[in-house]
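Worksheet for the structure shown next.
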Amino acid sequence: RRVMMMMTSGGGKRDEVAELKARLQQIASRAGSSTDALAAVQKAVSCMTQGLDVSSLFPEMVMLANTRNIIQKKLVYLYLCTYAEAQPDLSLLCVNTLHKDCSDSSPMVRGLALRAMSSLRITNLVEYLLPLVRDSLLDVSPYVRKTGVMAATKLFTMAPGLFASAGLTGKLFQLLDDPDGVVVTNALLALQEVLAQSGGLALPHNVMFRLLARLKDFTEWGQCLVIDLASQLEYTQEHMLATMNALDDKLKHTNSAVVLAVCRTFLSITQDHAELHAAVVSRITGPLLLLMETAANPEVMYPLLAHLKLLLSQQQNLLYDDYKLFYVRASDPRYIKTAKIELLTLIANSRSAANILEEMMAYATDSDALCSRAALTAVGTIAIKIPAIATKALSKLLCLLDMEVDYVADSIVLVLKDVVRKYPTASAEVLDRLETCFHIVTEPQAKVDPQ
Amino acid sequence: MIHSIFILNEVGDVLFEKHYRGLVQRSVCDYFWEQVTAASSPEEVPPVIVTPHFYLFNILHSVRSGNMYFIALTTAEVNPLLVIEFLHRVEDVFTEYFGQGFGESALKEEFVKVYQLLEEMMDNGFPFTTEPNILREMVRAPNIVEKVSGAVGGTSSMTEQLPSGTLSIMPWRKEGVKYSTNEVFFDIIEEVDAIMDLGGNVVSSEVVGTINVNCRLSAMPDLTLTFTNPALLDDVGFHPCVRHNRWEQNRNISFIPPDGQFRLMSYTVKGGVQPPVVVRPQIRFTDTGGRVDVNVSMVHNLQQGKTLPENVVITIPFPKGVLSANLSCTVGTFALDQKTKVCTWTIGRMPKEKMPNLSGTVTMQVGATRPESNPVLSAQFTIAMYTASGITVDSLVVAEHYKPFKGVRSLTKGGRYQIRS
């Protein structure tokens, strides 16, 4: 749709681009004033942002990469990275400037050039890129080193053979001891990608422990990575405790991704040790619930609920007593309501079933048909799961039929079908009632099923 | 990991796109837009959308001048919370740079900064530099002086040197901060979430609290905060600057704060929380109409105390079949919205002696069926200098050569506060 629109109004815009090209040519040829150049480059990128095709400006933009103004350089490189793949031959023109910038005195310029060059994704460039990447891994500035590691990954994607023969994997392993936390994180990421096809990254225990000991040096994103890696190792009981002690205070982190990563790792490394596993389960419950309550927005709550569902399917006795936290609020968006209802079904046990049942009946009359159905299905599931509550559940469902609301009745009939299958003794009573409400049931499936 | 980031406006135009692992066509956003048109409101769009070839994560940036969607595209399996936390971090950084409630025009005007930020915050699909302190040194925040001098002299908005913060192990605070007046402010903000049933019994209640700090202190101050009753706090989450072992040993919060505004900690209090504002509704429907009687009161210690709930608003969503309402209230004003049938009763400040009451009748539309359920009321309020949990600050020690001004304020708000009738 949007592409079509651009084509039809193309006339005016194409003129604009042609005008810009002429302007850029003028500036490049007379090595004009820097403000002119910057303004023109900004205009070009702004057009690019709006979705205009400015690929015809490529030769002029390449020339303007040669400047002392970092902003202009940055914008030109951004432009080049967008269009280079379509113009591989012309892209070689910028190699000189990029090469020069990789030895600039400013670490920001070096990093910028390296990042741009490796993002161009042109296989012809890899021979030029390789020595630059190799040198960057030993640069004095951590900013350049960490950019270099990412550049190495991109190099690997373009030319894995070259990467291997240059021994870069070994260099990356060495960088795991770099004093800068982000360099280490990036090296781990790089190794994961590089080794993905050959069995994945298997960290020796001593390296893992060194990483855990300096966890606070890493950003929260790096911590997530290290914590996830920790879950992939085999541990002796002693090592297990040491690892968990090292990670314990991360359960209080404000970033929900970190807390969840720790919970997952704890559960996974103790899965064969029943006693430790039980202790872990009670340890992580508090922080998980805190995450639920302080979730600043439903977008964070949603994956959290999904994760909790997954955890519950593997670990039945989690969160038994904290079910009230998952009660649905009228203000929750639908995707949260249905997620919470599903979760409540999983948490319900003989102690909480009665209360949860009451809650579900309150949700069953929600004006949103999908939520109402979810709640009623939940009632059925709980009735089947917990026989003690079945009679009560059944009578409540039948009561609700009296209300004579069509979408509610539809759902109830479908649910009753499953309940009756489990408890055939109730079928007589149910069939009786169904006859009386046949007239309000609208959904075809519901009509057929009682038969 | 994250392949691309797109920023869309509320009609689906792509405002920005940044690709970290090779170009991706804008048309992928069509999958997202399908979900938006199918949803009943922007808030109802699911945050995770699965398509045959990739995953789309999105967060909503809701602002009066026009919503925006921040979208991340991933092709492989990834930790979803990491993606969503990162998108929120991008939104937070943009808020710092372009102001609270920034809209489409602000981003379009500053597109150069937007691109610079997107470039520094993520490399090759993994979060790179997201600490606002460090970003501020690499990409200067826009201000009037710079805009003018930029127009005149063409100065660049990027620094030539590397920010000092990247090398220290304390990325949240840089060296050499100086203020002429040293002051630090603590804001304890509590939200009471509660569900009450029609007997006035509390079905569930808890308090979620956050402590926000505005720190304007010079050099490297080391702060220690102690509560009178730390045992009240059930679960806590801290900013990375807080030293955990001090909390474990003697329940002290010991930290070297970031400069400026930040969230120090969040906590919950579960047991024994009395909802401060008590609403007792009695709503009965018949076939032709209904009777309404709602009473509002305060919990005992507020009645005796010095501070009163303010900005009290009770919202009663009547069923769609209601035609009109004939109500009167003893305190405040009320209004019934004819389209949504929601009655909003604005009490304002709770009177000390009187108990506000709203009562009367409603009439149903001709032919409407009797509503099958009673409405769920919700209440909003703010109570200054009051914490629903009862937590109080005992002392705040600042270890530095100067004597700073210290301020502590508290505020309790009604959060998800619902009363069933």
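Values as computed for the structure displayed
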quantity	calculated
DSSP-loop trypsin sites (Lys or Arg not before Pro) across the stretch A:329-373, with at most 15 other Cβ within 10 angstrom	A:R351
Listed residues B:N201, B:G415, B:Q116: farthest to the positive end of the dipole of chain B (Cβ charges)	B:N201
Sparsely packed chymotrypsin sites (Phe, Trp or Tyr not before Pro) within the stretch B:1-102, loop by DSSP, other Cβ within 10 Å at most 16	B:F54
Degrees between helix B:29-38 axis and first principal axis of chain B (Cα, 0 to 90, nearest 10)	10 degrees
Simple Cβ-charge dipole of the stretch B:178-299, Lys/Arg +1 and Asp/Glu -1, about Cα centre, in debye nearest 20	220 debye
Hydrodynamic radius (Kirkwood) for the stretch A:231-379, which is based on Cα pairs only, to one decimal in Å	16.4 Å
Order by protection proxy (mean Cβ within 10 Å, highest first), peptides A:252-258, A:196-202, B:235-241, A:365-371	A:252-258, B:235-241, A:365-371, A:196-202
Charge dipole magnitude, Cβ of K and R +1, D and E -1 - chain A, Cα centre, debye nearest 20	1060 debye
Percent accessible area from carbon and sulfur atoms, the stretch A:114-156, protein chains only, probe 1.4 Å	53 percent
Length added when fully stretched, B:D92-B:V313, from 0.36 nm per residue minus Cα-Cα	76.6 nm
Tensor-based shape of chain B (alpha-carbon gyration tensor, a/c under 1.5 rounded, otherwise prolate or oblate)	oblate
Fraction of accessible area attributable to carbon and sulfur, the stretch B:184-286 (%, probe 1.4 Å)	45 percent
Hydrodynamic radius of the stretch B:202-280 per Kirkwood, over alpha carbon pairs, in Å	14.3 Å
Distance-filtered residues of the stretch B:192-207 - backbone nitrogen under 14 Å, label point 7 angstrom along A:E358 Cα→Cβ	B:195-205
Spin-label pair A:A296/A:Y320, simplified geometry with 7 Å Cα→Cβ offset, distance in nm	3.6 nm
Cα-based helix-to-principal-axis angle, B:80-98 vs chain B, degrees rounded to 10	80 degrees
Crossing angle, helix A:406-422 versus chain A [Cα axis fit, 0-90 degrees, rounded to tens]	70 degrees
Cα lying deepest toward the dipole's positive end in the stretch A:227-384, options A:L357, A:L346, A:T294, charges on Cβ	A:L357
FRET efficiency for B:V408 and B:E248, using Cβ-Cβ distance with R0 set to 35 Å, rounded to 0.05	0.90
Gain on full stretching of the segment that runs from B:A399 to B:V299 - 0.36 nm per residue minus C-alpha separation	32.0 nm
Longest DSSP-loop-exposure-free segment, trypsin sites (Lys or Arg not before Pro), chain B, at most 15 other Cβ within 10 Å	B:65-177
The protein assembly as shown, dipole about Cα centre (Lys/Arg Cβ +1, Asp/Glu Cβ -1), debye to the nearest 20	1080 debye
Residue-averaged beta-carbon neighbours from other chains (10 angstrom radius) around A:68-75	5
Peptide A:315-326, shielding by other chains (average Cβ, 10 Å cutoff)	1
Cut-off 11 Å between beta-carbons: net charge of the residues surrounding B:D293, Lys and Arg +1, Asp and Glu -1	+3
10 Å Cβ neighbours from other chains, averaged over peptide B:110-119	4
12 Å cut-off, amide nitrogen to a point 7 angstrom out along A:L195 Cα→Cβ, residues in the stretch A:214-243	A:229-230, A:232-233
Dipole of chain A, positive direction: furthest Cα of A:L434, A:S411, A:Q232, with charges on the beta-carbon	A:Q232
Under the Karplus curve 6.51 cos²θ - 1.76 cosθ + 1.60, θ = phi - 60°, whole-Hz ³J(HN,Hα) for the stretch B:307-316, x wherever Gly or Pro sits	10, 10, x, 10, 6, 6, 9, 10, 10, 10
Given A:K252/A:K396; A:K324/B:K339; A:K21/B:K113; B:K354/B:K413, the pairs whose alpha carbons are separated by over 32 Å	A:K252/A:K396; A:K324/B:K339
Rg/Rh for the stretch B:166-315, where both radii come from Cα atoms and Rh is the Kirkwood radius	1.14
Two-site label geometry, A:H277 and A:V140: point separation in nm, points 7 Å out along Cα→Cβ	5.5 nm
Förster radius 22 Å - calculated FRET efficiency between A:D89 and A:D15 (Cβ-Cβ, nearest 0.05)	0.20
Label point at B:T224 placed 7 Å out along Cα→Cβ; residues across the stretch B:394-408 whose backbone nitrogen lies under 13 Å	B:395-400
Enclosed volume per residue, in Å³, of the convex hull spanned by Cα atoms of the stretch A:316-433	91 Å³
Normalised per residue, the volume of the convex hull around the Cα set of the stretch B:245-369 (Å³)	195 Å³
Long pairs among B:K18/B:K178; A:K385/B:K270; A:K392/A:K422; A:K309/B:K320, criterion Cα-Cα beyond 25 Å	B:K18/B:K178; A:K385/B:K270; A:K309/B:K320
Chain B: relative contact order in percent, alpha carbon pairs under 8 Å with at least 6 residues between	14 percent
Residues of the protein assembly as shown: accessible area per residue with a 1.4 Å probe, Å²	43 Å²
Reachable lysines from A:K171, criterion Cα separation under 26 angstrom, eight or more residues apart if same chain	A:K100, A:K146, A:K154, A:K216
Distance histogram for chain A (every C-alpha pair counted, 10 angstrom bins, percent rounded to whole numbers)	4, 16, 17, 16, 16, 15, 11, 5, 1, 0
Modelled FRET efficiency - R0 22 Å, A:L431 with A:D368, Cβ distances, 0.05 increments	0.15
Where N is the number of residues in the protein assembly as shown, Cα Rg divided by 2.2 N^0.38 Å	1.06
Gyration tensor (alpha-carbon) shape descriptor, the stretch A:30-99, a/c threshold 1.5	oblate
Size of the B/A contact, given as accessible area buried on both chains, probe 1.4 Å, in Å²	7100 Å²
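The values are calculated or read from the model by the stated rules, or taken from the named source; none is laboratory data. Since this is a predicted model, take the numbers as computed values, not measurements. Note that we place each Cβ from the backbone using ideal geometry, even for glycine, and neighbour counts take in every protein chain shown. For accessibility, only protein heavy atoms count, side chains too; no ligands or nucleic acids. Shrake-Rupley method; radii C 1.70, N 1.55, O 1.52, S 1.80 Å.
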